[in-house]
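Undergrad: Next up is a structure, given as structure tokens.
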Amino acid sequence: MKQPYSINTIGLASSIKVKMNELHKIFFVFLLLLFCGLCNAQNNTQTGNDNNNTGNQIVSKYQSLIDLGTEIDKKDNFDSAILVFSAAIKIEPNNPLGYDKRGFSYLKKRKYNKSIDDFDKALKLDSKYVNAYIHRGLVFMNNDNYILSVPDFDKAIELDPNNARAYFYRGMVKLRFQDVENAYSDLKKASNLQYDEAEDAIWKYCTDQIFIVPKDAKKDAPKENQ
């Protein structure tokens, strides 16, 4: 009795699947280039041939790619989002925003080394870029390097004393250290700054100052979109 599939047939099917994945990526890049072309055409129509507006066109094109990548990232299509953010970075390699956005997508893919590299680049370009400190701290949290995450959250709070996310994540780290009193203080601050998850964490881990080890603490990050 013949087997329905030979080894060669299975190998051919796998090869076709790989090629189809490559074609999908090529098609996506084609759409991305088409999108960039449309942005250029729109900008040229609006600005004419005035060379003084070249900078505005670049900024508009860059922001369009950032917005597009952010929307794609929200749909959990991280590979495509990374491609878009990479295209934006090529347009403005000295803008920290693109690196921070791409790094956050890498973080969601658990590509921690690439994520760290991007956040480091963002901070090298702008040492006061608050989001990059928070996001790099999240990488350390997800990698169980809680001690390394604290300085980044501290710096974010120093630069932006009303940043609810920084207080929340620092509070979650302090819970891992069983520092309930200071964790409660940070979580309460985050809650007062309208960070909804902070109040849930207080009820879950800090009620009546009875400490419950938050074994899933690192899984709480990152939940929000960029």
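Undergrad: As a quick test, which of the pairs LYS61/LYS108; LYS101/LYS121; LYS101/LYS128; LYS111/LYS204; LYS174/LYS204 have an alpha carbon distance above 18 angstrom in this structure?
TA: Listed pairs above 18 Å: LYS61/LYS108; LYS111/LYS204.
Undergrad: Between ARG110 and ASN145, what is the label-to-label distance in nm when each label sits 7 Å out along the Cα-to-Cβ direction?
TA: With each label placed 7 Å out from Cα toward Cβ, I get 1.7 nm.
Undergrad: Which value in nm describes the separation of the simple spin-label points at ILE58 and ASP200, placed 7 Å from the Cα toward the beta carbon?
TA: Going from the ILE58 label point to the ASP200 one covers 4.3 nm.
Throughout, read-outs are computed from the coordinates displayed, never taken from laboratory work. Remember, predicted model here, so these are calculated numbers, not experimental data. A quick note on method: Cβ atoms are made from the backbone with ideal geometry, for glycine too, and the neighbour counts reach across all protein chains shown.
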